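Structure first, commentary second.
Just so it is clear, none of the values below were taken in a lab; they were calculated from the coordinates. Predicted, not measured: the structure shown is a model, and the values here were computed from it. So basically every Cβ, Gly included, is an ideal-geometry build from the backbone, and we count neighbours across all protein chains shown.
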Number of protein chains: 2
Amino acid sequence: MSELTPSFSLRVPEGDGAERRVCDHCGFVAYENPKIVVGSVVRDPARRVLLCRRAIEPRRGFWTIPAGYMELGETPEEGAGREALEEAGARIEIRRLLAIYSVPRISQVQLIYRADLPDPAAIEAGPESLEVAWFGWDAIPWEDLAFPSVHWALRHDREAEEGASPVPFTNPEGAAGDRMPDGRPLPVGDF
Amino acid sequence: MSELTPSFSLRVPEGDGAERRVCDHCGFVAYENPKIVVGSVVRDPARRVLLCRRAIEPRRGFWTIPAGYMELGETPEEGAGREALEEAGARIEIRRLLAIYSVPRISQVQLIYRADLPDPAAIEAGPESLEVAWFGWDAIPWEDLAFPSVHWALRHDREAEEGASPVPFTNPEGAAGDRMPDGRPLPVGDF
């Protein structure tokens, strides 16, 4: 490797219609696309939900559902299963799509599934989790959830649990994922 | 810009767990993620479907539904509307999610919506389409469809039209999008 460091400028590549990040050294075009987050609301036989306390920024110390970026070469369901295994040691059984959320500000689409884990003891914090635990509805740490979509997913899963139409849910009316549901601001963040 | 040309090697960046494309000149890591295709099955008041004959490779000359890569900063629904406008001049009204398909071989997730266009005359071929036209079910050029997921989407939309459960459809059992439904092979292709 030479002494160069990465350096990009916004330019419109030939034949393209939009500005892209173009390398100042070699002309490589770093196309950026929206990213897909895959995750799940996991329940045990007592219908408690599985949450992971984040060991990484952003939102370290806050609680989230198992979720993360979909990788190349996998289906969304496989990705959601992989994330539950990596973050919570859980080999989940995916049931169906719960919701599609979009957060245009950070160009993110989230595909959230409903899932079960038959053995509630079969969980373990992975490297990105400080701890993992089961929560009944009334014990959910609402004030300490990591992202608005964690709120949305938990509430939507409860509606599904109560027999709501199986259409997948989407962002709550008017919500773009920029703030927590109680209005608190958020860092620009990844899952 | 210097005399360099883009040059990448597969390496595992520090703190990462997988091989990525790393620039030989400056160490820039070109992360690749699955891509999101957004599209729609559009119907006119006579319940005909809108198809576009592709003016670009792959699958030039074959028929497809309006669809393409989701861009940064838009919702999936906005992206599906944009593609219908770009490819068919159609200002569609999106109804609901029809299907989520995945094609792991090319790391693609497709979000396909049901949509209406009240005025069937308000269509026009865009730069990526040779022609655009409305088709009744029996007139659909099944042998000349561009991609397996176009097949799937048209059939799933018909099931939805006939009152099927509004759960979004997914890949047909066992189908990974590698071949047309009649078994014909496909080029690795983009929408």
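In the calculated pair distance distribution of the range A:27-169, what percentage of Cα-Cα distances lie above 27 Å?
Tail of the P(r) past 27 Å holds 15 percent of the pairs.
Which value, in debye to the nearest 20, describes the size of the charge dipole of chain A about its Cα centre when Lys and Arg Cβ atoms bear +1, Asp and Glu Cβ atoms bear -1, and nothing else is charged?
That gives chain A a dipole magnitude of about 320 debye.
Would you work out if the range A:107-148 is rounded, prolate or oblate? Take a ≥ b ≥ c from the square roots of the eigenvalues of the alpha-carbon gyration tensor; rounded if a/c is under 1.5, else prolate when a/b is larger than b/c, oblate otherwise.
rounded
For the protein assembly as shown, give the share of DSSP beta bridges that are antiparallel, in percent and rounded to the nearest 5; count only bridges with both residues there.
70 percent
For the range B:42-97, what is the largest minus smallest coordinate of the Cα atoms on each principal axis, given in angstrom and ordered from greatest to least?
Projected onto its principal axes, the Cα set of the range B:42-97 covers 34, 28, 19 Å.
Could you give me the ³J(HN,Hα) list for the range B:35-48, computed from phi with Karplus coefficients 6.51, -1.76, 1.60 and θ = phi - 60°, whole Hz, x at Gly and Pro?
Using θ = phi - 60°, the values come out as 10, 9, 9, 10, x, 8, 9, 9, 10, 9, x, 7, 6, 7 Hz.
Counting partner chain Cβ atoms within 10 Å of every residue's Cβ in B:20-33, what's the average?
Average neighbour count from other chains, rounded to a whole number: 5.
In terms of the Cα gyration tensor, with a ≥ b ≥ c the square roots of its eigenvalues, is the protein assembly as shown rounded because a/c is under 1.5, prolate because a/b exceeds b/c, or oblate? Walk me through the numbers on the way to the answer.
Details: a/c = 1.83, a/b = 1.16, b/c = 1.59.
Here the protein assembly as shown falls in the oblate category.
Compute the length gained on full extension between B:Ala176 and B:Glu161: take 0.36 nm times their separation in residues and subtract their Cα-Cα distance, giving the result in nm to one decimal.
Between B:Ala176 and B:Glu161, full extension yields 2.9 nm more.
Can you tell which of A:Ala99, A:Pro34, A:Gly89 lies farthest toward the positive end of the dipole of the range A:34-128, using +1 and -1 charges on the Cβ of basic and acidic side chains (Lys, Arg; Asp, Glu)?
Of the listed residues, the answer is A:Ala99.
Find, among the GluC sites (Glu not before Pro) in the range B:64-132, those assigned to loop by DSSP (not H, G, I, E, B) with at most 13 other beta-carbon atoms within 10 angstrom.
Within the range B:64-132, the qualifying GluC sites (Glu not before Pro) (loop, at most 13 other Cβ atoms within 10 Å) are B:Glu124.
Given label points at 7 Å from Cα along Cα→Cβ, what nm distances, shortest first, separate A:Glu57 from the same residue in every other copy?
Output for A:Glu57: 4.6 nm, nearest copy listed first.
For B:73-79, what's the mean count of beta carbons from other chains sitting within 10 Å of each residue's beta carbon?
5
Computed FRET efficiency, Cβ-Cβ of B:Asp116 and A:Leu85, R0 41 Å: what is it to the nearest 0.05?
Computed FRET efficiency for B:Asp116 and A:Leu85: 0.50.
Taking the label point as lying 7 angstrom from Cα along the Cα-to-Cβ axis, what are the distances from A:Glu78 to the corresponding position in the remaining copies, in ascending order and in nanometres?
In nanometres, ordered from closest: 3.2.
For peptide A:101-110, compute the average count of partner chain beta-carbon atoms within 10 Å of each residue's beta-carbon.
Counting other chains' Cβ atoms within 10 Å and averaging over A:101-110 gives 4.
Any idea what the B:Trp137 label distances to the other copies are, label 7 Å down the Cα→Cβ vector, nm, shortest first?
From this label point to the equivalent ones elsewhere in the assembly: 4.1 nm.
Just to check, using Stokes-Einstein with a Kirkwood Rh over alpha carbon pairs, what's the diffusion coefficient of the range B:13-83 at 25 °C and 0.890 mPa s in µm²/s? Please report the intermediate quantities before stating the final value.
On the way: Rh = 15.4 Å.
For the chosen part, D equals 159 µm²/s.
As a check on your grasp of the helix formula, calculate [θ] at 222 nm for chain A: sum -39500 (n - 2.57) over DSSP H runs of n ≥ 4, divide by the residue count, round to the nearest 500.
Only helices count here, giving -4500 deg cm²/dmol.
Quick one: net charge around A:Val132, please, counting Lys, Arg +1 and Asp, Glu -1 for every other residue with C-beta under 13 Å from its C-beta.
Summing Lys/Arg as +1 and Asp/Glu as -1 gives -4.
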